[in-house]
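This is the structure, below, for whatever I ask next.
The values are calculated or read from the model by the stated rules, or taken from the named source; none is laboratory data. Just so we're clear, the structure is a prediction, and the values are computed from it rather than from any experiment. Neighbour counts run over all protein chains shown; Cβ positions are idealised from the backbone, glycine included.
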Ligand code: ADP
Ligand code: ZN
Ligand code: ZN
């Protein structure tokens, strides 16, 4: 019998699919889009099966409105991967599939390229960088730097606050030009590699490249290379033969790591089209990038997390740079880990995958040490770079001026006077993390959260970093009415103010989420730093990753003690990774670098291991600790987050949930449920938050428990009152 019913996955938060009647003139295909009625709406969904029977009486089923594709949206292997994602992360299939489509496709538009206008530098424009740009034309320079790495669409430039008038002015000078881009699928040039100077590879680099390129089939490689050891050079060499075989490459980078600098290195090296996918693209750009991967217009796709789900005509290799980076884990909706899913994708496509980092995640390192992954090493810095020296500054009992000790200030002066740049790292934005009453100790707190307001002096307001709410700065204590309010603790804003007083002769710049809110402003700031316009750089972790600042010779880390004594079991690992990253910013060229770490706990075992023996020694110790505590990678976790207006209801609900898990027949002594406990931020935006942590020794058992407990949990009466989510293998326990 001919299938008369289509099963459709719709973008709704329900864990099921919906059946529709196929009218006789329509021919839906599995994996293709259809538009269907849903309540009063019309939705676009994906056909997952064609059947002849439904659980519902046929006369109650509605008909499909339209068939939108004659080809499946995804290649079979990616389609399968998305199913796997939905199951593994316990996220509704319809929403998982919708997540993996560019907006235009999701809305039902045709899956074909649309033309758009874009700007690029002219030959004469390029030459201006050699001549030197006029320092006064700030807006024009911003546009020039933005275009330095290649053409950018008109709409994107407008999004980044680069005005049409600025572009017109540059066009008049003959430095930039606009064209209508008609994306088309052209065959790649014969000569894949551009004619550029390439460094002579080190022995270690050559070994790594040969290892990966010897086998075209699935294998996972951990490329552990110290900062500046030439990992990118290795990636380029691994990709070259793949492109020459007519296959494509996917390069994932962390959010912060996606800079024009990085993209440029790939564009300069290869003659094939390279597309970039990141969260800042508009709908047309995203669609075009997505299509160019699918139709093989692009040879390489470089992108952040979401690029992993791009379709490829013929994928030959996946590279995950800075694989330990936490931005690879999506923190809402489909909570997938792009690195982990990338390994799964490589397995399904039967191609090699390379995880590169100086500081592997303990999970990854464990896989390498147990032989599941191949372990490749780059132990030497490439080229002229010289290693940095680490110093611990014991600040116990020392007076701190906005967080700076006298010895640190002296060291800064020494480096600045030698004509170098100094980078100060403080992972807290705003002026001060709290505003306190000097008379009674009351602290201004957010009424909607269990958290204090951060004081932002520049904008004259208090902001809650958890719910985003804002409040004008108070001038009176909310408890005793005193007007003597003082700030407690130091944020980047305050540090910036203090530094301009301490070092009036040097210019400083602050890089954090507040100072780079406007699109494109981060890039402009980074460029100005490289041009030497600033001598002191102040930053949160935004500044820690991937950037290359040849003139930074000193890095100072302030206020890191919190991460040494945190309740999150990953805090130490994160700190170690951050420390190596931050210190890697110093001495990247021929000048030796020095790192100074201010702490009240110079004797801390972890610090000692890290500073004296390096990341590997630290990681070994940390792995031992994890093993003793049966924590990942020696077990698997699932975090249940639940919230509601009534705290008691949330707690009760999770207690019942715990019972459901514990009474499961396969629940044994290799499993454990912890909680319910209040979330680290027990109240957010007016809702009370509780957690349950499920631990199991095997991934399979974890999945069995979750899968079979879910229907029972959904039947609990409180399930209607409490909002809850599962975070599989969570990265963040808050
Ligand atoms: P990583 O990604 O490991 O931090 P990069 O690939 O950015 O390192 O390399 C750091 C610098 O060293 C770059 O300027 C790069 O061009 C240079 N480099 C890489 N490999 C070599 C080599 N074999 N010889 C000389 N210079 C190299
Ligand atoms: Zn709040
Ligand atoms: Zn008071």
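Only one of these conditions is not met by residue 227: (1) within 15 Å of ligand 1 (Cβ to nearest atom); (2) at pLDDT below 95; (3) surrounded by fewer than 19 Cβ atoms within 10 Å (Cβ to Cβ). Which number is it?
In the conditions (1) within 15 Å of ligand 1 (Cβ to nearest atom); (2) at pLDDT below 95; (3) surrounded by fewer than 19 Cβ atoms within 10 Å (Cβ to Cβ), residue 227 misses (3) alone.
This table checks each residue for (1) modelled with pLDDT under 95; (2) crowded, with 17+ Cβ neighbours inside 10 Å.
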position: 606; (1), (2): yes, yes
position: 612; (1), (2): yes, no
position: 620; (1), (2): yes, no
position: 626; (1), (2): yes, yes
position: 640; (1), (2): no, yes
position: 650; (1), (2): no, yes
position: 663; (1), (2): yes, no
position: 674; (1), (2): yes, no
position: 678; (1), (2): yes, no
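Can you tell me which residue among 342, 313, 307, 347 is in contact (Cβ under 8 Å) with a residue 24 or more places away in the chain, more than 16 Å from the chain's Cα centre (by Cα) and either surrounded by 21 or more Cβ atoms within 10 Å (Cβ to Cβ) or not in a helix (DSSP H, G or I) (or both)?
Going through 342, 313, 307, 347 in turn, just one is in contact (Cβ under 8 Å) with a residue 24 or more places away in the chain, more than 16 Å from the chain's Cα centre (by Cα) and either surrounded by 21 or more Cβ atoms within 10 Å (Cβ to Cβ) or not in a helix (DSSP H, G or I) (or both): 313.
Being over 28 Å from residue 687 (Cβ atoms) and either within 16 Å of ligand 2 (Cβ to nearest atom) or part of a strand (DSSP E or B) (or both) is the filter here, so list the residues in region 439-485 that pass it.
Residue satisfying the conditions is 485 alone.
Can you name the residue in region 187-197 that is touching a residue at least 60 places away in the same chain (Cβ under 8 Å) and out of contact with any helix residue (DSSP H, G or I) (no Cβ under 8 Å at 6 or more places or on another chain) and is also nearest to residue 381 (Cα to Cα) among such residues?
191
Hey, another quick one. With 268, 286 as the choices, which residue is crowded, with 21+ Cβ neighbours inside 10 Å and part of a helix (DSSP H, G or I)?
Answer to the check: 286.
Listed residues 250, 243; which is touching a helix residue (DSSP H, G or I) at 6+ places or on another chain (Cβ under 8 Å) and buried (at least 18 other Cβ atoms within 10 Å of the Cβ)?
250
Across region 164-183, what is the total count of residues that are assigned to a loop (DSSP other than H, G, I, E, B) and either touching a helix residue (DSSP H, G or I) at 6+ places or on another chain (Cβ under 6 Å) or surrounded by 10 or more Cβ atoms within 10 Å (Cβ to Cβ) (or both)?
The total comes to 3.
Given 125, 132, 108, 150, which one is in contact (Cβ under 8 Å) with a residue 12 or more places away in the chain and either out of contact with any helix residue (DSSP H, G or I) (no Cβ under 9 Å at 6 or more places or on another chain) or assigned by the TED database to the domain that holds residue 273 (or both)?
After applying the criteria, what remains is 108.
Just to be sure I understand, how many residues within region 81-108 are more than 10 Å from residue 334 (Cβ to Cβ), outside any helix (DSSP H, G or I) and out of contact with any strand residue (DSSP E or B) (no Cβ under 8 Å at 6 or more places or on another chain)?
Here the count works out to 2.
Let me ask you something else. Filter region 229-240 down to the residues that are touching a strand residue (DSSP E or B) at 6+ places or on another chain (Cβ under 9 Å) and either within 16 Å of ligand 3 (Cβ to nearest atom) or part of a helix (DSSP H, G or I) (or both) and list them by number.
Within region 229-240, 231, 232, 234, 235, 236, 238, 239, 240 qualify.
Rundown of residues vs (1) on the phi < 0 side of the Ramachandran plot; (2) crowded, with 23+ Cβ neighbours inside 10 Å; (3) assigned to a helix (DSSP H, G or I), yes/no style:
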residue	(1), (2), (3)
517	yes, no, no
524	yes, no, yes
528	yes, no, yes
555	yes, yes, no
578	yes, no, yes
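Continuing with this model, one more query. Evaluate region 418-426: report whether one residue or more is away from ligand 3 (no atom under 16 Å from the Cβ), in contact with a strand residue (DSSP E or B) (Cβ under 6 Å, 6 or more places away or on another chain), in contact (Cβ under 8 Å) with a residue 24 or more places away in the chain and not assigned by the TED database to the domain that holds residue 511.
no
Could you please let me know if residue 505 is more than 30 Å from residue 733 (Cα to Cα), surrounded by fewer than 21 Cβ atoms within 10 Å (Cβ to Cβ), in contact with a helix residue (DSSP H, G or I) (Cβ under 9 Å, 6 or more places away or on another chain) and free of Cβ contacts under 8 Å to residues at least 12 places away in the same chain?
Criteria met by residue 505.
Every residue, every condition in (1) in contact (Cβ under 8 Å) with a residue 60 or more places away in the chain; (2) within 30 Å of residue 138 (Cβ to Cβ); (3) touching a strand residue (DSSP E or B) at 6+ places or on another chain (Cβ under 7 Å), yes or no:
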residue: 166; (1), (2), (3): no, yes, no
residue: 172; (1), (2), (3): no, yes, no
residue: 180; (1), (2), (3): yes, yes, yes
residue: 206; (1), (2), (3): no, no, no
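For residue 533, work out the one condition from (1) assigned to a loop (DSSP other than H, G, I, E, B); (2) closer than 27 Å to residue 455 by Cα; (3) out of contact with any strand residue (DSSP E or B) (no Cβ under 7 Å at 6 or more places or on another chain) it doesn't fulfil.
In the conditions (1) assigned to a loop (DSSP other than H, G, I, E, B); (2) closer than 27 Å to residue 455 by Cα; (3) out of contact with any strand residue (DSSP E or B) (no Cβ under 7 Å at 6 or more places or on another chain), residue 533 misses (2) alone.
Is at least one residue of region 275-289 away from ligand 3 (no atom under 16 Å from the Cβ), more than 24 Å from the chain's Cα centre (by Cα), without any contact (Cβ under 8 Å) to a residue 40 or more places away in the chain and not assigned by the TED database to the domain that holds residue 144?
Checked region 275-289: no residue is away from ligand 3 (no atom under 16 Å from the Cβ), more than 24 Å from the chain's Cα centre (by Cα), without any contact (Cβ under 8 Å) to a residue 40 or more places away in the chain and not assigned by the TED database to the domain that holds residue 144.
Here's another thing I want to ask about it. Just give me the residues in region 401-446 being in contact with a helix residue (DSSP H, G or I) (Cβ under 7 Å, 6 or more places away or on another chain) and at positive phi, in sequence order.
Matches in region 401-446: 402, 403, 430.
Report, by residue number, each residue of region 652-661 that is surrounded by fewer than 16 Cβ atoms within 10 Å (Cβ to Cβ) and touching a strand residue (DSSP E or B) at 6+ places or on another chain (Cβ under 7 Å).
The one that is surrounded by fewer than 16 Cβ atoms within 10 Å (Cβ to Cβ) and touching a strand residue (DSSP E or B) at 6+ places or on another chain (Cβ under 7 Å): 655.
Here are some residues: 475, 465. Which one is within 16 Å of ligand 3 (Cβ to nearest atom) and more than 18 Å from residue 401 (Cβ to Cβ)?
475
Hey, among the residues in region 109-149 that are part of a loop (DSSP other than H, G, I, E, B) and within 14 Å of residue 178 (Cβ to Cβ), which one's modelled with the lowest pLDDT?
115
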